[in-house]
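Chemist: Let me give you the structure first, and then I'll get to my questions.
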Amino acid sequence: MIERIGLMNGWLFSPEWQDGMERRAEGHSFVPVSLPHAATELPLNYFDERSYQKVSCYRTTLPAFSLSGGRRAILRFEGVMAAATVWVNGRLLGEHKGGYTPFEFDATDRCRGDGSDELTVRADARERPDVPPFGGQIDYLTYSGIYREVYLDLSAPLRIRNVRAECASPLAAEKSLTLRVFAANAGGAARGTAEASLLDPSGRVVASVSAPVTVSAGESEFSLELTRLGGLFLWSPDSPTLYTAVCSLKGDCPGEPADTFTFRYGFRTAEFRPDGFYLNGERLKIVGLNRHQAWPYVGYAMPARSQRRDADILKYELRVNLARTSHYPQSPRFLDRCDEIGLLVFEEIPGWQHIGDDDWKALATENVREMVERDWNRPSVVLWGVRINESQDDDAFYARNNALAHCLDRSRQTGGVRYLERSRLLEDVYTMNDFSLDGGAVALRSQRAVTGLDHDVPYLVTEYNGHMYPTKKTDSEERQIEHVIRHLRVQDASFGDPLIAGAVGWCAFDYNTHKDFGSGDRICHHGVMDIFRIPKFASYVYASQTPPSRGVVLKPVTRWARGERSVGGILPLVVLTNCDSIGITFGANEEIRITERGGEYPNLPYPPFVVDSRHIPPEKVGAWGMVWEDGLITGYVGGEAAAVARFAGNPVGETLAAVADDRELAAGAKDATRVVVSVNDQAGNPLPYGDAVVSATIEGPARILGPSTFALIGGSRAFWVESSGTPGSVRVAVTAEGLDTRILEIDVR
Ligand code: GAL
């Protein structure tokens, strides 16, 4: 493109579509909105999901732009739920079915470019059975509205639609990069010059190439080759080096503008083999979690910062190495961050168990194309999911999807998530949801027991736990422990079996769902974090499996209360940690050191400590009937105290805490940050069953998403502050009766 104009601000919205809205706004009532936008905002829980399944209208006036020199005006939508019809100046551009993939319309012939062009979008959020994933039941909500970015891309008459980069031997000292350029030419065949450069992270050009090309009318392709690339760094989770490729195309006619296409690229190999997953030739056990791209109240419609933050939570808080984008292509902003921080991604097409008719299947195959063409240059994406999650075998359909993914992208393997044993393996990797762990002896089955094959194949466990053990943050300590143990057991089984490439748990965050799933409250409490991304105990299973050099983890799985469990006391006590030893001090007693880890998880990098009466006589941690005391648990690394967990023996709500993820938001468009609120005891721990009522008030160019007065859930809760794009100071006051008010200042600039 020559120029990209963001169309995030200045929209008019009507929650109800009426015929004729594409021709005139007058006579209908609209409210001003900006993107990303949820057509219907929802309560946290216990709502009727049909309330958002409506058809709504968005209108905006395009800014003035020049069409001189044969420029083209392309409208690009990153995602509209769930089907979109688009008009400019009352004339139809087309319809796109599917809410998770981008689409573009060439609007040149409909536009005047004088600042008066009217763009209208009919956004259909109904669960139309003709559009994947709909037609059956699905365990998640799909929400509504223009919930991702919209752009007006001005491009040259010879336009670069897309570029696919391919490096045949990323591990070679001297590499070459083939750039397959996909061009669009609205005129007759033309001659021009194509150029490409590769820039290192500091912006220095490391290689460039230029070649004369002939671009035929309509759509066509050609290749450029960057050769003799030496001294480049590989992309990996520990060192995610990104290069930037800039391609340009300029027609020979005098005065014709050049079109450019810029993207980031990382050199790496990623291969699932029968004996595991190999990144850059080295075996890496995959430890992952599934992610839904949903938040309370606004569903999918969260700005870039929140999308990126989810990737950060997965990488730095949960410290997993892979996210599965269950069950659809997720926001490019999330994937941008995965590329930047080295979080691997398994991306899949939209769908959940149901397969529709031939037209439906054709759309699902089109989803494969849209997903692969959108994300084929991202180093984070290591596997394409080309099946409908957990559907039945359908060889003709899935052979077609698989062939298409391979033909579009020869560099990546394919999978397709099933729960079926002996399902026909048409893809490269048998990707299996293994929910065998029901509390009994089996944590994961062997791959041959699942595939029924007489030989080993690349094999990845893509879900476990989830509905087998839903756990709320407020559930009792005994349930929390079992939740922790189940995550530990599956990971231990995965680490113990070299024929399993890794295991990706269900799931990172609790999510809103249909009435047919979850706990009746429209929430699946399946996350290791709650819907606000506040950790449950099980979340520490993951971080504790990484070395202390990435941060010391010490999480005793206890509420530290004498009478919380079904028998008095806190033993056996599971301590999730990457420390070498731990010490426990009860009241004024002497510290008891424990150096031996629990033996039940021999394959984990850092099995937990499991402290029981063999280590501590019950009278040392206070038997039933004795006085309950404060607790101090210390984690030691190399003999030095590296972390402490303190517990109050007589917890009372002492402080109100309100912590914002960001103190600065970007002006210009919607932005948002999370504020986590808790009522803490004397040791600084949120009261596990605290339900204080909290109010938040806001001044400045921002609003609070969801209610501004709410009860804490298990001692904590979060809300989001959404800025409007207008610069200024935002002041948030958080109050709870009897506790000091907290004031947060957030700068929008
Ligand atoms: C799986 C499904 C997920 C989720 C999960 C709950 O069967 O693929 O979307 O519903 O169960 O455990």
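Chemist: Does Arg703 satisfy being in contact with a strand residue (DSSP E or B) (Cβ under 9 Å, 6 or more places away or on another chain), of a type in the set (D, E, K, R), more than 21 Å from Tyr689 (Cα to Cα) and free of Cβ contacts under 8 Å to residues at least 60 places away in the same chain?
Modeler: For Arg703, the condition - in contact with a strand residue (DSSP E or B) (Cβ under 9 Å, 6 or more places away or on another chain), of a type in the set (D, E, K, R), more than 21 Å from Tyr689 (Cα to Cα) and free of Cβ contacts under 8 Å to residues at least 60 places away in the same chain - is met.
Conditions (1) in a strand (DSSP E or B); (2) open to solvent by 30 Å² or more (accessible area, probe 1.4 Å); (3) touching a Lys or Arg at 6+ places or on another chain (Cβ under 7 Å); (4) more than 16 Å from the ligand (Cβ to nearest atom), marked per residue:
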| site | (1), (2), (3), (4) |
| --- | --- |
| Ile74 | yes, no, no, yes |
| Gly94 | yes, no, no, yes |
| Arg112 | no, yes, no, yes |
| Ser116 | no, yes, no, yes |
| Ala123 | yes, no, no, yes |
| Pro133 | no, no, no, no |
| Leu141 | no, no, no, no |
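Chemist: Give Gln330, Gln353 a once-over and let me know the one that is surrounded by 18 or more Cβ atoms within 10 Å (Cβ to Cβ), more than 18 Å from Arg410 (Cα to Cα) and within 16 Å of the ligand (Cβ to nearest atom).
Modeler: Gln330
Chemist: Could I ask something else about it? With the requirement that a residue be more than 14 Å from the chain's Cα centre (by Cα), open to solvent by less than 10 Å² (accessible area, probe 1.4 Å) and more than 13 Å from Pro43 (Cα to Cα), what does the range 509-531 give you?
Modeler: Those that are more than 14 Å from the chain's Cα centre (by Cα), open to solvent by less than 10 Å² (accessible area, probe 1.4 Å) and more than 13 Å from Pro43 (Cα to Cα): Cys524, Val528.
Chemist: Looking at the range 667-677, can you tell me whether even one residue there is among the acidic types (Asp, Glu) and either in contact with a Pro (Cβ under 8 Å, 6 or more places away or on another chain) or within 24 Å of Arg309 (Cα to Cα) (or both)?
Modeler: The answer is yes, given that some residue of the range 667-677 is among the acidic types (Asp, Glu) and either in contact with a Pro (Cβ under 8 Å, 6 or more places away or on another chain) or within 24 Å of Arg309 (Cα to Cα) (or both).
Chemist: Which ones in the range 446-459 are open to solvent by less than 60 Å² (accessible area, probe 1.4 Å) and either assigned to a helix (DSSP H, G or I) or within 16 Å of the ligand (Cβ to nearest atom) (or both)?
Modeler: Across the range 446-459, the qualifying residues are Gln447, Ala449, Val450, Thr451.
Chemist: Just one of the numbered conditions (1) free of Cβ contacts under 8 Å to residues at least 60 places away in the same chain; (2) surrounded by fewer than 20 Cβ atoms within 10 Å (Cβ to Cβ); (3) in a strand (DSSP E or B); (4) touching a Pro at 6+ places or on another chain (Cβ under 8 Å) is not true of Ala642; which one?
Modeler: (1)
Chemist: Could you say which residue among Ala211, Ala245 is open to solvent by less than 60 Å² (accessible area, probe 1.4 Å), without any contact (Cβ under 8 Å) to a residue 24 or more places away in the chain, out of contact with any Lys or Arg (no Cβ under 6 Å at 6 or more places or on another chain) and in a strand (DSSP E or B)?
Modeler: Ala211
Chemist: All but one of (1) farther than 14 Å from Leu604 by Cβ; (2) open to solvent by less than 10 Å² (accessible area, probe 1.4 Å) hold for Gln491; which doesn't?
Modeler: (1)
Chemist: Which of the residues spanning the range 694-749 are part of a strand (DSSP E or B), surrounded by fewer than 19 Cβ atoms within 10 Å (Cβ to Cβ) and of a type in the set (Ser, Thr, Tyr)?
Modeler: Ser695, Thr697, Thr709, Ser729, Thr735 - these are the residues of the range 694-749 that are part of a strand (DSSP E or B), surrounded by fewer than 19 Cβ atoms within 10 Å (Cβ to Cβ) and of a type in the set (Ser, Thr, Tyr).
Chemist: Let me ask you something else. Can we say Val417 is away from the ligand (no atom under 16 Å from the Cβ) and hydrophobic (A, V, I, L, M, F, W, C)?
Modeler: Criteria not met by Val417.
Chemist: Please go through the range 669-700 and pick out each residue that is touching a residue at least 60 places away in the same chain (Cβ under 8 Å) and under 30 Å from Gly10 (Cβ atoms).
Modeler: Result: Ala669, Lys670, Asp671, Ala672, Thr673, Arg674, Val675.
Chemist: Just one of Thr462, Thr431, Thr471 is within 16 Å of the ligand (Cβ to nearest atom), among the polar types (S, T, N, Q) and assigned to a loop (DSSP other than H, G, I, E, B); which is it?
Modeler: Thr471
Chemist: In addition: I'm told Ala172 meets every condition in (1) of a type outside the set (Phe, Trp, Tyr); (2) at pLDDT 95 or above; (3) open to solvent by 50 Å² or more (accessible area, probe 1.4 Å) except one. Can you identify the failing condition by its number?
Modeler: Looking at each condition in turn, Ala172 falls short on (3).
Chemist: Now, a different point. May I ask you to verify whether Ile633 is surrounded by 21 or more Cβ atoms within 10 Å (Cβ to Cβ), under 23 Å from Ser476 (Cβ atoms), among the β-branched types (Val, Ile, Thr) and more than 36 Å from the chain's Cα centre (by Cα)?
Modeler: Taking the combined requirement at face value, the residue does not satisfy it.
Chemist: What residue, among those in the range 593-630 that are surrounded by fewer than 20 Cβ atoms within 10 Å (Cβ to Cβ) and of a type in the set (Gly, Ala, Ser), is modelled with the lowest pLDDT?
Modeler: Ala623
Chemist: Quickly run through the range 582-620 and pick out the residues that are more than 38 Å from the chain's Cα centre (by Cα) and acidic (Asp, Glu).
Modeler: Across the range 582-620, the qualifying residues are Glu590, Glu591, Asp612, Glu619.
Chemist: Could I ask something else about it? List every residue pair whose Cβ atoms lie under 6 Å apart, where the two residues are 6 or more positions apart in sequence or sit on different chains, the first residue falls within the range 466-494 and is on the phi > 0 side of the Ramachandran plot and in contact (Cβ under 8 Å) with a residue 40 or more places away in the chain, and the second residue, located anywhere, is within 16 Å of the ligand (Cβ to nearest atom) and part of a loop (DSSP other than H, G, I, E, B).
Modeler: Gly466/His526
Chemist: While we're looking at this one, here's another question. Determine if the range 401-423 includes at least one residue that is modelled with pLDDT of 95 or more, assigned to a helix (DSSP H, G or I), touching a Ser or Thr at 6+ places or on another chain (Cβ under 6 Å) and over 20 Å from Glu166 (Cβ atoms).
Modeler: yes
Chemist: Sticking with this structure for a sec: Identify, by number, the condition in (1) open to solvent by 50 Å² or more (accessible area, probe 1.4 Å); (2) out of contact with any strand residue (DSSP E or B) (no Cβ under 6 Å at 6 or more places or on another chain); (3) touching a residue at least 40 places away in the same chain (Cβ under 8 Å) that Pro157 doesn't meet.
Modeler: (1)
Chemist: Give the number of residues within the range 195-218 that are within 15 Å of Phe261 (Cα to Cα) and of a type in the set (S, T, N, Q).
Modeler: Total satisfying the criteria: 3.
Chemist: Something else now. Among the residues of the range 645-660 satisfying the criterion of being assigned to a strand (DSSP E or B) and of a type in the set (A, V, I, L, M, F, W, C), which is most open to solvent (accessible area, probe 1.4 Å)?
Modeler: Val659
Chemist: Could you figure out which of (1) open to solvent by less than 20 Å² (accessible area, probe 1.4 Å); (2) touching a residue at least 60 places away in the same chain (Cβ under 8 Å) isn't true of Asn9?
Modeler: For Asn9, the failing item is (1).
Chemist: Still on this structure: Any chance you could count how many residues in the range 315-327 are under 23 Å from Tyr430 (Cβ atoms) and either within 16 Å of the ligand (Cβ to nearest atom) or open to solvent by less than 10 Å² (accessible area, probe 1.4 Å) (or both)?
Modeler: Adding up the residues that qualify gives 7.
Chemist: Sticking with this structure for a sec: Being of a type in the set (S, T, N, Q), under 16 Å from Asp497 (Cβ atoms) and open to solvent by 30 Å² or more (accessible area, probe 1.4 Å), is that true of even one residue in the range 417-432?
Modeler: The answer is no, given that none of the residues of the range 417-432 is of a type in the set (S, T, N, Q), under 16 Å from Asp497 (Cβ atoms) and open to solvent by 30 Å² or more (accessible area, probe 1.4 Å).
Chemist: Hey, another quick one. Restricting the search to the range 369-392, which residues are over 27 Å from Lys285 (Cα atoms) and either crowded, with 21+ Cβ neighbours inside 10 Å or within 16 Å of the ligand (Cβ to nearest atom) (or both)?
Modeler: The answer is Gln392, and nothing else.
The values are calculated or read from the model by the stated rules, or taken from the named source; none is laboratory data. Note that the structure is predicted; figures quoted are calculated from it, not measured. Please note: Cβ atoms are built from the backbone with ideal geometry, for glycine as well, and neighbour counts cover all protein chains shown. Note: accessible area is taken over every heavy atom of the protein model, side chains too, but ligands, DNA and RNA are not part of it. Shrake-Rupley method; radii C 1.70, N 1.55, O 1.52, S 1.80 Å.
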